[in-house]
Amino acid sequence: MQRRSRKGCIDCKRAKVKCDEEKPFCGTCKRRGYACQGYATPVPSAKHAPKPAAGPTAVSPAKRSKIEPQTPALVPDPQWYEKRQSTNRPTDARDRRETLRKQDEHRSTPQSRSVEVTEMDEMLIEESDLPSCPPLYPVVPDLPPDAIGRTDQPGVEIYFNRHPSDLVISKEFVNEMNANVLLVFNQDPAAVSETLSAIGHIYLGEGGFSIVPMLARKQRILARLRDRRDLEQMMIMLLGLCALELIDAWSKPADTSLPAIISNAAIIIKLQQDKGLSFSSVAKYFIRALARQDMMVSLTYARHPLIPNSVWLSDDSYRTADRFMGYTGTLMPILADLGALAEEMRGGTPTPSDGANVNRNGSGNHFSDEVWSEEAIMITTNPTLAIYQKVLDIKQRLNQWRPVAAQNVSFQASRNLLFHAHSHRAAALLYLHRLLEPPGSSEAADQVALGMAHEVLMHLSAMTDQLKTSLWPVLIAGTELTEEGDRAIVMGMFDEIVRQRKTVTSRRTREFCVQRVWAARDSGLAWNWMDLVELYPGECLPI
C-alpha cells in the first residue's frame with residue numbers, strides 16, 4: 001500500500017490520497033477532476049486553527065479554461081442553502097412593509113446616523129433579516145490578509161452567500177456560479193473584490209439605507225475596468241455593473257445604464273473576435289449571462305441583440321442547462337432573429353402613437369392591414385414580402401423547437417426547466433403575433449392573442465417555486481389580460497418573482513404592466529406595451 005506524501009498538495013492531503021507532487025499543480029488532482037490549489041498550508045474551518053499567512057497558488061487563464069466549473073473543492077457548504085430556506089421571514093406583504101418602516105425610523109435618528117461603518121454593518125445585518133454567512137472555504141480564507149481590503153471583506157462574503165442564490169434559475173446552479181467566480185477571483189483578488197463587494201454592500205444596506213455611495217463604487221469599478229486586459233476579469237466586472245443596476249433601489253428608471261453596459265460588453269467581445277483571439281470556457285460562462293440580458297433588452301426595445309450567439313453558443317448548450325437560460329440556450333438564435341425582425345418592422349425607435357393614428361393602429365408597426373392580406377403577399381414586387389417570409393420562417397422554427405433535458409439534472413429541476421423553456425417559446429410566438437397584429441388592431445387579433453397568453457400562463461403555472469427567470473413571458477402574457485381573476489393570477493406571479501429575486505427591474509416591470517399597460521387599456525387609450533416602453537424609458541426591463 002502506497003504511503004501518503006507529507007509534502008502533498010492541499011486537496012490530496014484532505015482526500016488522504018497519494019500526491020505525485022508535480023508543480024505547480026499536481027497530476028493526481030487533474031486525474032480526479034479537481035482544481036489543484038497548490039501546496040500552501042490549508043486553512044481549517046473557522047472552529048479550528050487560525051488563518052495561515054500563505055495563500056493558494058493562482059490559477060492561470062489557460063489552466064482555468066480546462067477546469068470543470070463544478071469543482072467540489074471550490075464550492076461553499078451546500079447545506080447552507082437548505083438552512084437558508086428555513087429562516088423565518090415575514091411572508092405577508094404588510095409585515096414586510098412594517099418591518100422596513102421600523103428600520104427606517106430607527107435609522108433616521110441622530111444616533112443611528114452617527115454610527116461608524118463597522119458598527120453599522122453589524123446593525124444592518126441584524127435588522128435586515130439577511131442570512132448568516134457560512135465560512136467561504138477553502139478559497140477566500142486562504143487568501144493573504146492584504147488581498148482584500150478590510151472594508152471589502154463583508155461585502156464579498158455577502159455576495160457569495162446571497163447573490164447567486166437570489167438570481168440563478170434554480171439552487172442547483174449556485175455552487176457552479178460561485179466556483180466560476182472564484183476561479184477568476186483567485187487570479188486577481190484585489191481587482192475583482194471591488195466589484196463583488198459593491199454588490200454585497202447593497203444587500204448590507206437593504207431596507208432603504210445605503211452604506212457606501214454606489215456612484216463612487218461604480219466609478220472605481222470602471223477605473224479598474226479600463227486597466228484590465230484579461231477578458232474573464234472584464235466580463236465579471238461588467239456583469240457586476242449590471243447586477244448593481246438590477247438590485248440598487250436608489251437608481252431611477254430613466255437613469256438606468258444597463259443597455260449602455262451591455263453595449264460596452266459587446267464592443268469588448270467584438271474586439272476580441274477581430275483580433276482572432278479565442279474565448280475560454282470561463283469567459284463564455286460569463287458572456288452567456290450578458291447575452292441573456294442583451295436578449296431581453298433587444299426584445300423589449302425591438303432591436304437586434306448586440307452580443308452574437310456564435311461567441312457563447314457551443315455544443316454544451318445542447319446538453320446542459322444554464323444558470324439563467326435553463327434549457328432556452330438553443331432558443332436564443334431564434335429570439336435574436338425575432339428581435340432583428342421587430343427592429344425592421346417597427347423602423348428603429350418608434351414614435352409613441354395616439355388613438356387617431358389609424359395606420360399604426362396604436363402601435364409602432366407602420367404597416368397597414370392591407371400589407372398582410374392574401375392579395376398583397378401574392379405580388380412579388382411588394383416591398384414587405386421579404387419581411388413576411390422572415391415571419392413565416394421564424395414562426396416555423398419556433399413551432400419546431402423543443403428543449404432537450406440535461407442528463408445531470410434531477411427530474412424535479414428538469415420539470416421546471418422544461419416548463420420554463422416552453423413558456424418562453426409560447427411568449428415568443430405571442431410576441432411575433434403582436435408584431436403582425438398590434439394590440440387594438442382588431443377584436444379578432446386581440447382574441448387570438450388572449451388565447452396565446454393563456455398558453456404561456458399554462459406553462460408558467462405548472463412551475464413549482466421557480467419563476468425567477470420568467471419575468472419576460474409573464475409580462476408578454478400579462479399585457480393581454482382583461483379579466484380581474486386572470487390579472488390576479490399574473491400579479492401573483494409577479495409578486496413571486498419579486499419575492500424570489502428581489503431585483504429593482506422585476507418590481508418596475510410589474511408596476512409598468514399595472515400602471516401603464518392595464519391602466520391605459522382600461523381607460524380606452526392605446527395600450528401597445530412596445531410603444532409604452534418608449535414613452536416611459538427604463539420602467540420596463542424584464543431581466
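The values are calculated or read from the model by the stated rules, or taken from the named source; none is laboratory data. Since the structure is predicted, the reported quantities are computational estimates derived from the model, not experimental observations. We place every Cβ from the backbone using ideal geometry, glycine too, and count neighbours over all the protein chains shown. All accessible areas refer to the heavy atoms of the entire protein, side chains included, with ligands and DNA or RNA removed. Shrake-Rupley method; radii C 1.70, N 1.55, O 1.52, S 1.80 Å.
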Item to check | Computed over the range 182-294, Cα set: Rg, Dmax in Å | outcome: 14.2, 47
Checklist entry - Hey, got a sec? Which trypsin sites (Lys or Arg not before Pro) in the range 145-177 land in a DSSP loop and have at most 12 other Cβ atoms within 10 Å? => result 150
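From the protein chains alone at 1.4 Å, what is the descending order of accessible area for 404, 174, largest first?
Highest to lowest solvent-accessible surface, that is 404, 174.
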Item to check | Efficiency of FRET from Cβ geometry, residue 249 and residue 489, R₀ 30 Å, rounded to 0.05 | outcome: 0.65
Checklist entry - At a probe size of 1.4 Å, how large is the accessible area of residue 511, to the nearest 10 Å²? => result 80 Å²
Checklist outcome for this item: With x for Gly and Pro, the residue-by-residue ³J(HN,Hα) of the range 187-193, computed from phi through the Karplus equation 6.51 cos²θ - 1.76 cosθ + 1.60 at θ = phi - 60° and given in whole Hz, is 5, 8, x, 5, 6, 6, 5
Checklist entry - Expressed in whole Å with the largest first, what are the equivalent ellipsoid semi-axes of the range 396-543 derived from the C-alpha gyration tensor as the square root of 5 times each eigenvalue? => result 26, 19, 13
Checklist entry - If you find the alpha carbon centre of the range 168-203 and of the range 246-270, how far apart are they in angstrom? => result 19 Å
Item to check | Listed peptides 386-392, 336-342, 263-269, 197-203 by packing density, highest first (mean Cβ within 10 Å) | outcome: 197-203, 336-342, 263-269, 386-392
Checklist entry - Going highest first, how would you order 306-313, 440-447 by mean Cβ packing within 10 Å? => result 306-313, 440-447
Next on the checklist: Given the whole protein assembly as supplied and a 1.4 Å probe, what does the accessible area of residue 501 come to in Å², nearest 10?
Outcome noted: 10 Å²
Item to check | Long-range HN-HN contacts of residue 321 with modeled amide H, under 5 Å | outcome: none
Checklist outcome for this item: Taking a crude spin-label model, label points 7 Å out from Cα along the C-beta direction, the residue 18 to residue 450 distance in nm is 7.5 nm
Item to check | Förster radius 41 Å - calculated FRET efficiency between residue 171 and residue 229, Cβ distance, rounded to 0.05 | outcome: 0.75
Item to check | Accessible surface, 1.4 Å probe, highest first, among residues 316, 322 | outcome: 316, 322
Next on the checklist: Ordering 498, 514 by accessible area with a probe of 1.4 Å, largest first, what comes out?
Outcome noted: 514, 498
Checklist outcome for this item: At R0 = 41 Å the Cβ-Cβ FRET efficiency linking residue 462 and residue 511, nearest 0.05, sits at 0.95
